[in-house]
1. So in the stretch 93-118, with the set limited to residues that are in contact (Cβ under 8 Å) with a residue 40 or more places away in the chain and part of a strand (DSSP E or B), which one is most open to solvent (accessible area, probe 1.4 Å)?
2. Among Ile123, Ile141, Ile174, which is β-branched (Val, Ile, Thr), buried (at least 24 other Cβ atoms within 10 Å of the Cβ) and either at positive phi or out of contact with any strand residue (DSSP E or B) (no Cβ under 8 Å at 6 or more places or on another chain) (or both)?
3. Filter the stretch 142-165 for residues that are part of a helix (DSSP H, G or I) and charged (D, E, K, R) and give the result.
4. Would you confirm, using the coordinates I've provided, whether Gly139 is free of Cβ contacts under 8 Å to residues at least 12 places away in the same chain and not in a strand (DSSP E or B)?
5. Within the set of pairs 6+ apart or on separate chains, which have a first residue in the stretch 434-445 that is more than 21 Å from Phe377 (Cβ to Cβ), a second that is open to solvent by 90 Å² or more (accessible area, probe 1.4 Å), and C-beta atoms under 6 Å apart?
6. Could you please find all residues in the stretch 202-234 being open to solvent by 50 Å² or more (accessible area, probe 1.4 Å) and touching a residue at least 12 places away in the same chain (Cβ under 8 Å)?
7. Taking the condition of being part of a loop (DSSP other than H, G, I, E, B), of a type in the set (A, V, I, L, M, F, W, C) and either open to solvent by less than 30 Å² (accessible area, probe 1.4 Å) or free of Cβ contacts under 8 Å to residues at least 40 places away in the same chain (or both), how many residues in the stretch 291-308 meet it?
Amino acid sequence: MSNLNLSKINTSAILSARKIFFIGIGGIGISALAKMAKSYGMEIGGVNDEESPKTLDPLIEFGAKIILKKDYKELPEADLYVYSDAWPFRGPEIIQDARNTGKLVLSYYEVLGIFSKNYEKIIAISGTHGKTTTTAMTGEILIDGGLNPTIEVGSFVKSFNSNYRDGGKEFLVIEADEFNRHFLNFYPYITVIMNMEVDHLETYTDINDIKKAFSQLINQTNKYVIYNGDDQNTLDLINKYKGPVKFVNYKEFLSKLPVLSVPGEHNRFDAAAALAVANILDISEEISRKSLKKFEGTWRRLEKKGQTKNGTIIYDDYAHHPTEVRASLQALRELYPEKKLTLVFQPHLYNRTKALFNDFIKCFSEADQIILLPIYFAREKIDPTISSGKLAEEICKEGDKAIAFSDFKSAEIFLKSQIFGKDDIFVTMGAGEAYKVADNIFELY
């Protein structure tokens, strides 16, 4: 459970830890925290359930000793043990081994919250959608503006090819996740609320419960809250707020944006929010606009992977909420209005698929062909009452073409039997492993 009573924990002891062992170290967020710990001079190591070159190789280069779960026999000694959200389900026995040592065992966000106390001004990017891209854009503007930020983001930013940038101790730009109320571990100087929708109903009871968490985040903010003036859920909180925080509507900055390299209205909203942060920090508009114009995106956020010898263009995207799926598909249509779009989508979590089922069946309309993979579950038990097959049936009733497959191999065999050429766009989508399908069936230039 996140948001432990950290006031009872000796923060200085954690910040002075000599060795930290990360349980689930290959995760995109926790691997960034491991890099931050290494930048403090701490010895790092960890366990992961699979080889993950993108996240693990940089840590191995830093000297981290990584154990694969299949080879795990005994817990290495450490001063502090840190686990990712998925590992109470993927490796509860390892977390229990850590607790049996009598040493402190904390979640990734609890430790990030403690580490954040090292920085004078935290810029926390929150919201149901757009956190990663906005965090990356904001970080790049601060870099170009000479502010030397430390950046922790849930993806690899192309400009510095990492999910972590070690900067100064004045500014920390972080992606602040609402899952399990993780963002309440922070006390930001600036909070950005991109939007607020129903999600993570394994953590929250309903939208009102979500609003309460965001309301608390506003109350924990020291100076500014940047928000979407058209988002009614956010406006509900702002209208009730009584306190010293200043509010800035990021949509007022849309008219000041340059032409972006990344497509889609959702990316323009992200850029407007980043521009609002820059304005507060007195970074010149000229510098901010130049920074946004050259922004190339992040890993797995509508990322153009390449092109086949037959001319098929391949994309990969992390979208896993209906609103995100719709926005990404609309962005692709904006770029390629005449091409046939084949989507391979892997639903992420039984809980989300079930709770947002009616929204999911209506969000794929921009795709010409929809291939559904089995539901990816990371932090929950299998729910036999929901499946990709049931989702495909309802999508077809909406008039779209969807086929569900029971495993990746079957989907790949089907796709290999089709002919893809210069008139095709092929996109893999989801927070799980859908990208592996394209890796397996296409050879890119």
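The values are calculated or read from the model by the stated rules, or taken from the named source; none is laboratory data. Given the structure is predicted, the values throughout are model-derived calculations rather than measurements. Using ideal geometry, Cβ is built from the backbone for each residue, glycine included, and neighbour counts are taken over all protein chains shown. Note: areas computed on protein heavy atoms with side chains; ligands, DNA, RNA excluded. Shrake-Rupley method; radii C 1.70, N 1.55, O 1.52, S 1.80 Å.
1. Leu104
2. The match here is Ile141.
3. Hit for the stretch 142-165 is Asp144, nothing else.
4. Taking the combined requirement at face value, the residue does not satisfy it.
5. Close Cβ pairs (under 6 Å, with a partner that is open to solvent by 90 Å² or more (accessible area, probe 1.4 Å)) amount to Ile441/Lys416.
6. Residues satisfying the conditions are Glu202, Gln216, Asn219, Asn222, Lys223, Asp230.
7. 2
Yes/no matrix, rows are residues, columns are (1) part of a loop (DSSP other than H, G, I, E, B); (2) surrounded by 13 or more Cβ atoms within 10 Å (Cβ to Cβ); (3) of a type in the set (S, T, N, Q):
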| site | (1), (2), (3) |
| --- | --- |
| Ala367 | yes, yes, no |
| Glu394 | no, yes, no |
| Lys409 | no, no, no |
| Glu412 | no, yes, no |
| Val427 | no, yes, no |
